[in-house]
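Just so you know, all these numbers are worked out from the coordinates, no wet-lab data involved. The model shown is predicted, which means the values in this text are computed figures rather than measured ones. Quick reminder, even Gly has a Cβ in these numbers, built from the backbone with ideal geometry, and neighbours come from all protein chains shown.
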Amino acid sequence: MPGRVKVTPPELLPYGKIREDLFRPLSGLTKKYFIAILLPLLVILFGAYAWSVQLRYGMGVTGLHRPVFWGFYIVDFVFWIGISHAGTLISAILRLTDAGWRKPITRAAEAITVFALMIGGLFPIIHLGRAWRFYWLMPYPNSRLLWPNFRSPLLWDLTAICAYVTGSVIFLYLPLIPDMAQLAEHNTPWRRKLYKALSLGWTGSDTEWHALERAMKLMAGIILAVAVSVHTIVAWDFAMAIAPMWHSTIFGPYFVVGAIFSGLAGLMIVMALIRKLMGLELYLTKHHFDNLAKLLLLMSVLWLYFTLAEHITAWYGNDPSEMVVFGARTRTRFAFLFWLMVFVNFVVPFVLLGIRKLRSITTGVIASFGILLGMFLERYIIVVPTLSNTRLPAASSMSYLPSWVEIAITCATFAGMVVLYLLFSKLFPIIAVWEFKPHVAEDEL
Amino acid sequence: MAHRWGMAIDLDRCTGCEACVVACHAENNIPISTPEQAATGRTTHWLRVDRYYEGDFPDVKVKYMPVLCQQCDEAPCEPVCPTYATYHNPEGLNVQVYNRCVGTFYCANNCPYTVRYFNWFDPVWPEPMQLQHNPDVAVRMAGVMEKCTFCIQRIKRGKDESAASGQELADGDIQPACVQGCPAEAMVFGDLNDPESKVSRMAESSRATRLLEELGTKPKVFYLERGR
Amino acid sequence: MERRSFFKILGASTAGAVATGCGSNTDALIPLLVPEHNIPIGEERWYPAVCTECSAGCGTLVRVMGAERVIEVKGEQVRQRVAAVKKIEGNPLDPISGGRLCARGQAVVQALYHPDRLRGAVKRNGDRGKASFAAVPWAEAVAGVADKIRTADPSRIVFLTGPNAGSRSAAVQGFLKAIKAPAASVCSLTDFAVERKAAEVALGWSGLPVYDVANATHVLGIGADFLGGWESPVYYARQFGHFRQGRVGMRGTLFQAESRFSTTATSADRWLPLTPGSEPQFIAAVARILIDAKLAPIVAGLPAAVATAFRTADVAANLKACGQDEKRTRSIILEFGASHAPLVIGGASAVHTNSVDAVIASHYLNLMLGNVGKPGGVLAPAANAVSVESSALAGRLANAQVILIDGTNPAYLLPKSSGVLDALNKAEMVVSFAPVVDDSAAYADFILPDHHALESTVAVSALVSDRTAMAVAEPFVEPLYETQAVEKTLADISGKLGDSYTAPTAADLVKPLLKGDATYAEVTREGGIWLVPDAKPVAAKPGKDAALSVAKFEGDAGQFPLYFQPYLSVQFHDGSSSHLPWLQELPDPVSSAIWGLPVEIDNATAAKLGISEGDLVRIESAHGAIEAAAFIHPAAIPGVVSMGIGGGHTHFSRYGSGYGVNALSILGPSAEASTGAMATGATRVKLTRVSDDGKLIQFSATKSENRGAHR
Amino acid sequence: MASITWLLSEFRDKDSVIDAIRALRAAGVQPGDLDLFSEEPLELPRGVLDRPSHSSLVAVLGAAAFGIGGTAFVWYAQHTYEVITGGMPVFSFWGTGVITYELTMLGAVLSTFGYFLFESGLVFKHGRLKRDKDAPVPVVPPEKIWVRVRCEGGNTVRPTAALQEAGAVSIEAKTGAGL
């Protein structure tokens, strides 16, 4: 038996072993784990210091200037909101289509969503000139007798992100309940307390299971609608402005596709790491990565299609101010970044993942890192060239480069993702245990 | 009838001397940048004089164009502000309320004229430079957006004076600092709702154009083109 | 006059005692809250004043309001309510400023509240030029200066002044007479000695001719940047506005022939890029074209030599020497000559060795066009126009025993080749009256800081005016620091010497001009005295002979292939405004540069030398070298590099020193022969690229509007 | 007051559970008296043990309530302090549409979650669940399914027989007080 383990599909493993394998990483704290969490914590600490400098002295400590008023923070914002689409969207789509191979992936993906949203949601606050007044965007009866301006796309953002965070936390939480109920049974006292409280006294009765399954089906549908709208609205932050190369109708779907694309890449990396670090080779098999790779290829093509559509319409339209931005992107100042983006977002995935012989977990991870870089660049290329090439040519100005503060804060958010993920995977099984059982009822009907 | 303030700038008169720029600084407590800040693009000029070189040597021409907030009737900066820090006042002015501003930068990004300026740091005036501050104009703190106000404090003062003296406001009684200072009298300010005002007549001129009119922002600054 | 402005004047005339208009309400409401002499909160008062930033003599109107400052009294911080200057505008009653003001005039208030103003008299306690000073009591400083003057050889006392004509110069000349020293020497780029001399030679006028631009139909500027750095920029800009669009159905047309794409050239309809120093040849060609076309006949009074030169000028050769395309130039000149009221404005914004010849020739051109003394032509200066009394600077400085400096900055203005720094180092005593330590004051043994003009009584005659015009102001704000008006300081020094000298006051200057029962008090209420134009203006008395000489340049043409043309910039003028942050961050009209001016290089030269915009380039003459950022100027003349004056102060406050470089410092010592005026445009240089980091800071992009196309 | 007995029986696989339920129903046990406990969701064939649910309706209602309520709130907020910006009307379909949509979705999310807590009985016990809140709950070891039958008045004979017939591994009875 042990020798044949490799070919056994995880669904056919004995349940006890699954449970044991998946719960094992939760217990025991190794030195490695501490270091893995401590290093990113230091990075976060430095990022926090950088932010405190920014709060103390003003936005002047960033690389922003007139007319490039948006820079790394907004790029980060779009990037992280994009990453957040990994989870919810993927797990919701796969759940709705009942794709069986999704099962070991969904939890990991949904966790990415929640953390990426928490991180991404910080940036609209970090980028404010007076961050300590961020709550002025909230609709609450205030002493200024003034409600916020609901016509502002930033209010749309706020509403959408609030809805999305709420939805995705619930979406992550619901399928965790049965697992936590199990975890509550044998464990250290404080963990037992925690899991007990969080599992709300789950007993595993068929009433509960029915409610859970129904809620998950509904949630999958709703969260899909929210996720699409969230990134559409993020895109509309740009598209609603009458700035050249922003005022585009395809920005909504373009951003959604880009978001899923980067989300998948993020998921690929996270899964490969989990697999390696937690010894879950049995559960996250080549099969899963293969499927993810195919999805990545699909999104890569879609992304290229949108990029092409976006640029060819601008080029053909030959609007003078758009052409300046177009030129800056493709020929002059940002050309290197632009073509690097096309290379890592399209050429690299197609070579590494499109050619069957080359397709492996390693190449998938390499391609995914490329895609993450490419998608970061994409957002940079959308934000900066438009702003630095104003409609009145005389107002155009020097290029934008981030300052150490912006870089530190950006790094801190990546570190934050690592820390949050490490904590999460120590507290909760990263693969939904109960979902592993084969569903046979439908076959019987 | 309510006023509708507007400006006309005759580019044929403008010599690019930039007296208007200093007038604006003196009137509006505009922060002084340091060379380090200037090098990173943090200089503030509510009113700037753009220059465009055209033609080949020796028939090169320069077009000077004083660009200030165009006080658009349909201002793109206004709807995007989540806190109503920028809104439209009853006299058609595009008003910036510093206290409400949280600094989202959105208005500046959506301004096709790029006339919005940000306070990157708290402004510094070494003693005794603060004595020059115009008490009619707020000094802005770090983190808020600012821009040309058409010297709203002068409009207010003009209206107060007219109310106190019982004399109706005449065309030209109210002048923003830039208009007042312009040696070539290239800039004219007045009420666009008064068809007899100088600015209304200049706006009717066949030489009159508005900046980026095709965007539908309906600016209230009229430029009279050069050379005719 | 605009009604509001009129109110301002009314307010000003009664200010101090009773507030007017709506202000009385405010007074009634808070009479007990503020001391009597302070201005109620929120209330504005307007006082007339005089702008002394340049020599034009604009009358200004100053907005004063209450303000608060924290001062230290016996080690304690005390809040003090003061009347503070808020804004400076033009005085609408003044025919020169007409209620308008240039950028520098409006920035003056920053000089008043400059953080680096000297708080009192100081004495040098380190090496000369290092600007190391310690405060001393005024009495000690005055005594120190007086002691030196007492023992010095009066003929070796050199008093350097700026170009201002008025109460200050009267006081200085009186003082020098009293101590039996020679008259003051004007050390300035803006005394317009060339233009004065030319007017005297060609038209027999003493004072600067007035060009009636407003009533001309076509103006041909030759070498005179009359809208930028020239005699009276506000006056001419106002006229220009009217000339362009102020007349129904009539738009004035401006042609500008100059070696630099100056402010005037940018405003011109056509620009004729002249080879530096070729103005006389150009004028001869213009004259010949006009004569041939029978548009301007040789008139009586034209000296025979000039008439012959004009009549026989070789148009093709001359225009070639000037770098002009003959066909283009001919059509421009013919349009100009055929116009209803053509006017030539000749000047020397950049002085060449032959500039006086050029300006004289321009006057003769106007005589031929028949516009001298007529509307739309050249008008005679007012009868009382100030003629600057001056002793030649050359030679005296090197031999100076005591150097007193007021209103000028020789260490900055004079090139290194003049030996000015040696003279300042060598002199037994250097005294400066500068309110802020500048390049020259850094060498001073004593600085006896002057009041700011707004804190003192000032009377300044208008530089360019066809009528008697003198702007007069009494102070209306308390002196901020322990400074002292130079008039008083000179009287103190003279008192120590036992002389009975008293400085002439503004009132002394005004009184002879008063007509009827007008009083000095009335004059100060209005801000000046402006009489109607003289009924019988001084007639032109042409006749003195003149030659059309060829300009000479410093430096070998082979080794130094490029002409170097420093110019008076809009923001800094001759560098005297460089310490004002508003002007430092005022984008240069040409390059949009802030905090330091670049050197302007044409496309071809830049391409040849591999220089691109923002590069650091070395500008080297036979007399020195400077390094500045490059600006590739689309309208620079091939082979001519220009640079604004005003950067590179060694000492001029925190805002003025260290930004840009001093273009004047590498000039050769050559001068215009008949006037001794420094030939600012007569030096050749070569350029080399140093690095790509010229630290050029531009506020906005300088681009063409034509942009973007399929590619 | 009738005493109540709960039969707790353990099964090894789903098929025998289905048999057991069918047998119990045949023995007259109401669906409301039956509960299954398992470690994983049991998807039973339709008609075996249906539990009617209103979750979709509740989600729609919640969505509609939030959408309408949110829109009304925006309308109210915009009109209490009318500020004109950019020439846009104070309140418009286009400008508010996005907010309406997001709030609709938020309503659906919250009502779905709320209804889940209610329906599952985890937070709001109701009906049958409230009645049985003191009933014994089996500990579910892996790979096991428990069937709990509520027998009123100690009438356990027929259900026990049905369970045994269906292949129960063990059956134990517990008695407690009913309502």
Legend entry - Anchor residue C:686: aspartates and glutamates whose Cα lies under 20 Å away (excluding residues fewer than 8 positions away in-chain): C:554, C:556, C:600, C:602, C:613, C:615, C:620, C:627
Legend entry - Percent antiparallel among DSSP beta bridges (both partners in the protein assembly as shown, rounded to 5): 70
Legend entry - Over the protein assembly as shown - Rg/Rh using Cα atoms and the Kirkwood inverse-distance radius: 1.11
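Counting Lys +1, Arg +1, Asp -1, Glu -1, what net charge surrounds residue C:69 among other residues with beta carbon under 10 Å of its beta carbon?
Numbers: positive: C:79, C:81; negative: B:127, C:68.
Counting the neighbours of residue C:69, the net charge comes to 0.
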Inset, instruction - Quick one: dipole size for chain C, taken about the Cα centre, charges +1 on Lys/Arg Cβ and -1 on Asp/Glu Cβ, in debye to the nearest 20. - result: 940
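Counting helices only, and only those DSSP H runs with n ≥ 4, report the 222 nm mean residue ellipticity of chain A as the sum of -39,500 (n - 2.57) divided by its residues, in deg cm²/dmol to the nearest 500.
Working: 16 runs with 292 residues, N = 445.
Value at 222 nm, helices only, nearest 500: -22500 deg cm²/dmol.
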Inset, instruction - Report, by chain and number, residues whose modeled amide H sits under 5 Å from the one on residue C:136, excluding near sequence neighbours (fewer than 5 apart, same chain). - result: C:121, C:122, C:123
Inset, instruction - Would you order C:205, A:315 from fewest to most other beta-carbon atoms within 10 Å of each residue's own beta-carbon? - result: A:315, C:205
Legend entry - Cross-link partners of residue D:144 among lysines (Cα-Cα below 27 Å; sequence separation of 8 or more within a chain): A:6, A:17, A:103, A:193, A:196, A:217, A:437, D:14, D:125, D:130, D:133, D:174
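With 10 angstrom as the radius, rank C:352, A:311, B:3, C:218 by how many other C-beta atoms surround their C-beta, starting from the fewest. Write out the running numbers ahead of the final one.
Working: C:352 31, A:311 16, B:3 19, C:218 23.
Placing the least packed residue first, the sequence is A:311, B:3, C:218, C:352.
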Inset, instruction - Could you work out how far helix C:233-245 tilts from the main Cα principal axis of chain C, as a 0 to 90 degree angle to the nearest 10? - result: 50
Inset, instruction - Going by C-beta contacts inside 10 Å, put C:191, B:59 in order with the fewest on the left. - result: B:59, C:191
Inset, instruction - Enumerate the amide H contacts of residue C:165 below 5 Å, restricted to partners 5 or more residues apart or on another chain; note that Pro and chain-start residues carry no placed amide H. - result: C:461
Inset, instruction - Count the DSSP beta bridges whose two residues both fall in chain B, then state the antiparallel fraction as a percent rounded to the nearest 5. - result: 85
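Sort largest first and round to whole Å: the equivalent ellipsoid semi-axes of chain C, each the square root of five times a Cα gyration tensor eigenvalue.
Details: eigenvalues 329, 186, 144 Å².
Over the Cα atoms of chain C, the ellipsoid semi-axes are 41, 30, 27 Å.
Calculate for chain C the 222 nm mean residue ellipticity that helices alone would give, adding -39,500 (n - 2.57) per DSSP H run of length 4 or more and normalising by residue count, nearest 500 deg cm²/dmol.
Values: 21 runs with 191 residues, N = 711.
Counting only the DSSP helices, I get -7500 deg cm²/dmol.
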Legend entry - Principal axis dimensions, the stretch C:112-256 - Cα atoms, whole angstrom, descending: 67, 40, 25
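Quick check of the Kirkwood formula: for the stretch C:562-691, what is the inverse mean of 1/r over all pairs of different Cα atoms, in Å? Working shown, then result.
Details: mean 1/r = 0.0681 Å⁻¹.
14.7 Å is the Kirkwood radius here.
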Inset, instruction - For helix A:153-173, report the angle its Cα long axis makes with the longest principal axis of the Cα atoms of chain A; keep it between 0 and 90° and round to the nearest 10°. - result: 10
Legend entry - Within straight-line cross-link reach of residue A:31, lysines at Cα separation under 16 Å, skipping those fewer than 8 residues along the same chain: A:426
Legend entry - Taking only Cα atoms of the stretch C:193-379, radius of gyration then Dmax in Å: 14.7, 42
Inset, instruction - Give me the compactness ratio for the stretch D:55-120, meaning the Cα radius of gyration over 2.2 N^0.38 Å. - result: 1.36
Legend entry - P(r), alpha carbons of chain A - 10 Å bins starting at zero, rounded %: 4, 19, 29, 26, 14, 6, 1, 0
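Could you compute the net charge surrounding residue B:135? Neighbours are other residues with a C-beta less than 14 Å from the C-beta of residue B:135; K and R count +1, D and E count -1. The partial results should precede the final answer.
Working: positive: B:154, B:156, B:157, C:45, C:63, C:69, C:81, C:86, C:87; negative: B:27, B:136, C:43, C:44, C:68.
Taking every other residue near residue B:135 into account, the sum is +4.
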Legend entry - Phi-based couplings in Hz for the stretch C:515-520 (Karplus 6.51, -1.76, 1.60; Gly and Pro marked x): 10, x, 9, 5, 10, 4
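Can you list the equivalent-ellipsoid semi-axes of the stretch B:5-224, largest first and in whole Å, using the square root of 5 times each Cα gyration tensor eigenvalue? Kindly include the intermediate steps, with their values, before the conclusion.
Working: eigenvalues 129, 108, 73 Å².
That gives 25, 23, 19 Å for the three semi-axes.
What value, in deg cm²/dmol to 500, does the helix sum -39500 (n - 2.57) over DSSP H runs of n ≥ 4 give at 222 nm once divided by the residues of chain B? Display every interim value, and only then the final one.
Values: 6 runs with 45 residues, N = 228.
Helix contribution divided over all residues of chain B: -5000 deg cm²/dmol.
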Legend entry - the protein assembly as shown, dipole about Cα centre (Lys/Arg Cβ +1, Asp/Glu Cβ -1), debye to the nearest 20: 2520
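Charges at C-beta only: +1 for Lys and Arg, -1 for Asp and Glu. How large is the resulting dipole of the stretch C:193-379 about its Cα centre, in Debye rounded to 20? All intermediate terms of the calculation are to be shown ahead of the outcome.
Details: 16 positive and 14 negative charges, 79 e Å.
It works out to roughly 380 debye.
For residue D:148, what is the net charge nearby, where nearby means another residue's Cβ is under 11 Å from its Cβ and Lys, Arg count +1, Asp, Glu -1? Could you put the intermediate results ahead of the total?
Values: positive: D:150, D:174; negative: A:206, D:10, D:33, D:35, D:132, D:172.
The answer is -4.
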Inset, instruction - Working from Cα positions, state the angle (0 to 90°, nearest 10) between the long axis of helix A:320-330 and the longest principal axis of chain A. - result: 50
